[in-house]
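Visitor: For reference, the structure I am asking about is given below.
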Amino acid sequence: MLCARLPAIPRQPSRSPILLQPSIPRRPLLALALLAAGLLTAPLLRAQEAASAPAPAQAASPAAANPAAAKKKHSATARKAPKAKAAKPTRHAKGGTAPGSADARAPALGQTAAVLAFAAEHAASLNQTPEQIAALLAQARILPSVQRLIMPTPAGTAKDWMAYRDRFVEPRRLQAGLAFWEANAEALARAEESYGVPAEIVLGIIGVETFYGRIMGGFRILDALATLSFDFPTGRSDRSPFFREELHQFLLLSQRDGLDPLALKGSYAGAMGLGQFMPGSWMRHAVDFDGDGHADLINSPADAIGSVANFLAQHGWQRALPTDYTVAAPAGTAERAQLLAPDVRPTFTPAQMQALGARLSEGGQEHTGKLALIELQMGDAAPVYVAGTDNFFALTRYNQSAYYAMAVISLGRKLGQMRRAGIE
Ligand SMILES: [Ca+2]
């Protein structure tokens, strides 16, 4: 989940040609894609997020955002680390990503000028000497696979919400979700009580991010963050300042919680654990929810559940507020464009939306806050729309993509239906 860049949500989906492409033979790829999806998605998104803007805060959950990209890679050759991971769903750290042969040959970073400057800058906050910090960073490797994965997916592919949704709302992930729910029902109920975030939403996020812990990423975090901090690839907007701060947060986290910075693994963008939190999000939003005295987002499902709920609460989630309402978009192009302009940010009252020609459900008309018109493209077919609330917007703080948010909502809803129906 989570990372920190909020900017433009809409664009991510576009980058993800993979899932979205109608022309792609999705079914054959599905088996791989499913596995991979968990990881792939997440990492991708994060990366994208990172790429896009000033990010914020959350966990880095790139997953959804870049569905297309993820798929492509797979289908193509599939050697990207994240994918590799995906394909091999192991637990935690292992699951991962096997760095490619180029990665295996990557030399240690060494004490470059940039490393020495970073060490000097952060020595005081880390309460270490610059020499100690430089000695640690010098052991990081610059990974070619990370540099590839951070790049945006080629544009031009049609977005396809249903294809994207099918990557996540599918039998195996649903079964895993029901089992996770059963195993962690107490923590999920307590998180809802404490933070107002329904179990279905937390389950949707953890399911989309990591397939309930099956795909948490196999990149060594130190390598991933050092690569993106000190050798960010050219050809896209430079996000290295963001990653240098995440590297700083990673070192602070390791020190605070007594973690081995040379051992922690996660996504190619540096996100870790069941909810794929970036280090900064872990520092700011992780909570100890199982009472053992520290927040462990990798090994403790309860801590991950509480932390995801806390993250959303800290980003505007409101108890008992729906995420979205049914809506028919205005027929007029100009009116539709006007409503879509603010993207996922709730901007219009129900009355304003209706005045522009949108037709809200009864619940939507009675909504007391503002709404956003969310467009989900369907490949060559007509797009579908929902009216997103502040809670829909909060989900995009985890990952800045309307497609991501809708996938989380859809997965959670389906799990809720199945659990209530007693489906196993
Ligand atoms: Ca704990």
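Visitor: Look at residue 245 and say whether it is crowded, with 18+ Cβ neighbours inside 10 Å and within 30 Å of residue 414 (Cβ to Cβ).
Guide: No; evaluated as a whole, the condition is false for this residue.
Visitor: If I filter the range 257-291 down to residues being within 16 Å of the ligand (Cβ to nearest atom) and free of Cβ contacts under 8 Å to residues at least 12 places away in the same chain, which single residue comes out as surrounded by the most Cβ atoms within 10 Å (Cβ to Cβ)?
Guide: Across the range 257-291, the extreme among qualifying residues is 259.
Visitor: Select the helices (runs of 4 or more DSSP H) contained entirely in the range 323-424, then report the ones holding at least 2 residues which are among the hydrophobic types (A, V, I, L, M, F, W, C).
Guide: 333-340, 350-355, 390-398, 402-421
Visitor: A follow-up question, please. On the basis of being more than 30 Å from residue 272 (Cβ to Cβ) and either outside the structural domain of residue 178 (by TED's automatic domain parsing) or within 23 Å of the chain's Cα centre (by Cα) (or both), does residue 382 make the cut?
Guide: yes
Visitor: Can you tell me which of (1) exposed (fewer than 14 other Cβ atoms within 10 Å of the Cβ); (2) in a helix (DSSP H, G or I) is the one residue 155 doesn't meet?
Guide: With (1) exposed (fewer than 14 other Cβ atoms within 10 Å of the Cβ); (2) in a helix (DSSP H, G or I) applied to residue 155, the lone miss is (2).
Visitor: Take residue 341 and decide whether it is aliphatic (A, V, I, L, M) and within 16 Å of the ligand (Cβ to nearest atom).
Guide: no
Visitor: Another question, if that's okay. Output the residue which, of all residues in the range 292-306 that are over 15 Å from residue 253 (Cα atoms) and more than 8 Å from the ligand (Cβ to nearest atom), is surrounded by the most Cβ atoms within 10 Å (Cβ to Cβ).
Guide: So the residue we want is 304.
Visitor: Okay, moving on. Counting only residues that are crowded, with 20+ Cβ neighbours inside 10 Å and not hydroxyl-bearing (Ser, Thr, Tyr), which one in the range 314-328 is farthest from the ligand (Cβ to nearest atom)?
Guide: Per the criteria, the residue is 327.
Visitor: Report yes if residue 220 is over 28 Å from residue 168 (Cα atoms), of a type in the set (D, E, K, R), in the same structural domain as residue 306 (by TED's automatic domain parsing) and at pLDDT 95 or above, otherwise no.
Guide: Here the answer is no, as residue 220 does not meet what is asked.
Visitor: Using the structure shown, decide if residue 311 is within 16 Å of the ligand (Cβ to nearest atom), of a type outside the set (D, E, K, R), in contact with a strand residue (DSSP E or B) (Cβ under 7 Å, 6 or more places away or on another chain) and in the same structural domain as residue 238 (by TED's automatic domain parsing).
Guide: When the stated conditions are applied, residue 311 passes them.
Visitor: Those residues that are out of contact with any strand residue (DSSP E or B) (no Cβ under 6 Å at 6 or more places or on another chain) and charged (D, E, K, R), I need them from the range 371-390; list them, please.
Guide: Of everything in the range 371-390, those that are out of contact with any strand residue (DSSP E or B) (no Cβ under 6 Å at 6 or more places or on another chain) and charged (D, E, K, R) turn out to be 380, 390.
A quick yes/no check of all residues on (1) within 21 Å of residue 208 (Cα to Cα); (2) touching an Asp or Glu at 6+ places or on another chain (Cβ under 7 Å):
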position: 350; (1), (2): no, no
position: 376; (1), (2): yes, no
position: 407; (1), (2): yes, no
position: 416; (1), (2): yes, yes
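Visitor: I would also like to ask the following. Which numbered condition trips up residue 353, out of (1) touching a Gly at 6+ places or on another chain (Cβ under 9 Å); (2) crowded, with 20+ Cβ neighbours inside 10 Å; (3) in the same structural domain as residue 271 (by TED's automatic domain parsing)?
Guide: (3)
Visitor: Which of (1) surrounded by fewer than 20 Cβ atoms within 10 Å (Cβ to Cβ); (2) assigned by TED's automatic domain parsing to the domain that holds residue 159 does residue 404 not meet, given it meets every other one?
Guide: Result: residue 404 fails condition (1) only.
The values are calculated or read from the model by the stated rules, or taken from the named source; none is laboratory data. Just so it is clear, the structure is predicted and the values come from calculations on it, not from any experiment. Note: ideal-geometry Cβ built from the backbone for every residue, glycine included; neighbour counts use all protein chains shown.
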